[in-house]
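Shown next, in structure tokens, is the structure this report addresses.
The values are calculated or read from the model by the stated rules, or taken from the named source; none is laboratory data. Treat the numbers as computed from the prediction; the structure is a model and nothing was measured. Note: ideal-geometry Cβ built from the backbone for every residue, glycine included; neighbour counts use all protein chains shown.
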Amino acid sequence: MHLCLPALALLSIPVSFFAQPAGKPGEKPGTAKPSSTTPAMADLKSTTPELHTGTEARHERFNQISKEGKAKLVFLGDSITQGWENPGNETWAKHYAHRDAANFGISGDRTEHALWRLDHGNFDGLSPKLIVIMIGTNNMGNQTEEAIAAGNKAILDEIQKKHPQAKILLLGIFPRSPKAGDPVRAKIKKTNEMLAKFDDGKTVKYLDIGEKFLDKDGNLSKDIMPDYLHLSKKGYHIWAEAIEEDLGKMVK
């Protein structure tokens with residue numbers, strides 16, 4: 001009972017859908033509480049009912065996996081994480097299937113949606129050894145770097161409340177947009193600099209693998225990110241290889 005969109009179907013959905021604006025326009029650092037840190041159910045029903053139905057089904061499936069308590073390695077994120085099911089399925093089978101891994105990625109999710117899932121059953125019943133988190137690209141639309149980092153910190157805090165024994169591998173937000181000089185790249189860089197500060201040298205490790213996807217000039221190619229946002233089969237292979245050393249140490 002889960003939605004696994006084929007690669008072509010993912011690519012047929014405009015990037016603007018997944019990279020939705022979030023929060024209040026003009027949201028500034030220092031406001032009382034950014035929307036990125038407030039749990040909110042993904043509201044897809046009116047505009048994309050088919051994806052809304054799939055989102056509900058995936059959430060319930062994650063709750064069932066959580067109740068069964070068998071998953072020891074869990075990936076939490078948005079459409080980029082969901083893509084481990086397709087086109088990243090072969091790499092997943094090679095690197096993670098034997099590690100009792102579960103994919104808790106949902107297309108379109110922002111940090112506040114992941115927080116809502118954590119408030120509504122996701123991870124309840126699990127005893128994971130390692131949780132890999134990569135989320136925030138969908139918050140880029142009109143949330144500040146500070147708000148996006150705060151959303152990630154809220155997720156870290158909630159997971160640590162639920163599973164203080166678990167290790168967490170927090171990944172920097174992946175690069176997007178084709179050219180190194182595109183404005184969103186600078187915003188991602190600044191956000192990732194804030195995320196790096198959440199590495200506590202004990203439970204949480206921060207890792208930025210973004211450069212692994214880029215050429216020598218810092219540009220993205222379509223063979224790695226066909227729409228300059230979502231990974232290809234080759235992209236998932238790069239992801240897995242880039243985190244394997246750290247992941248292997250942390251999941252033991």
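Quick grid of which residues meet (1) charged (D, E, K, R); (2) modelled with pLDDT of 95 or more; (3) closer than 23 Å to Leu115 by Cα; (4) not in a strand (DSSP E or B):
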position: Ala180; (1), (2), (3), (4): no, yes, no, yes
position: Met194; (1), (2), (3), (4): no, yes, yes, yes
position: Lys216; (1), (2), (3), (4): yes, yes, no, yes
position: Tyr228; (1), (2), (3), (4): no, yes, no, yes
position: Tyr236; (1), (2), (3), (4): no, yes, no, yes
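Name the residue that is farthest from Leu247 (Cα to Cα), counting only residues in the stretch 88-108 that are in contact with an Asp or Glu (Cβ under 8 Å, 6 or more places away or on another chain) and either of a type in the set (A, V, I, L, M) or at pLDDT below 95 (or both).
Among those that are in contact with an Asp or Glu (Cβ under 8 Å, 6 or more places away or on another chain) and either of a type in the set (A, V, I, L, M) or at pLDDT below 95 (or both), it is Gly108.
Every residue, every condition in (1) at pLDDT below 75; (2) touching a helix residue (DSSP H, G or I) at 6+ places or on another chain (Cβ under 8 Å); (3) closer than 17 Å to Ala149 by Cα, yes or no:
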residue: Gly69; (1), (2), (3): no, no, no
residue: Leu73; (1), (2), (3): no, yes, no
residue: Asp78; (1), (2), (3): no, yes, yes
residue: Arg110; (1), (2), (3): no, yes, yes
residue: Leu115; (1), (2), (3): no, yes, yes
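What residue, among those in the stretch 39-51 that are more than 18 Å from the chain's Cα centre (by Cα) and not in a loop (DSSP other than H, G, I, E, B), is modelled with the lowest pLDDT? Filtering first and then ranking leaves Glu50.
Restricted to the stretch 196-211, and to residues that are in a loop (DSSP other than H, G, I, E, B) and surrounded by fewer than 16 Cβ atoms within 10 Å (Cβ to Cβ), which residue is nearest to the chain's Cα centre (by Cα)?
Here is the first cut: in the stretch 196-211, the ones in a loop (DSSP other than H, G, I, E, B) are 199-203, 208-209.
Narrowing the set further to residues that are surrounded by fewer than 16 Cβ atoms within 10 Å (Cβ to Cβ) leaves 199-202.
Details: Asp199: 17, Asp200: 20, Gly201: 21, Lys202: 22 Å.
Checking each candidate, the answer is Asp199.
Residues checked against (1) crowded, with 20+ Cβ neighbours inside 10 Å; (2) among the hydroxyl-bearing types (Ser, Thr, Tyr):
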position	(1), (2)
Asn89	no, no
Ala93	no, no
Gly108	yes, no
His113	yes, no
His120	no, no
Val132	yes, no
Thr137	yes, yes
Gln143	yes, no
Ile148	yes, no
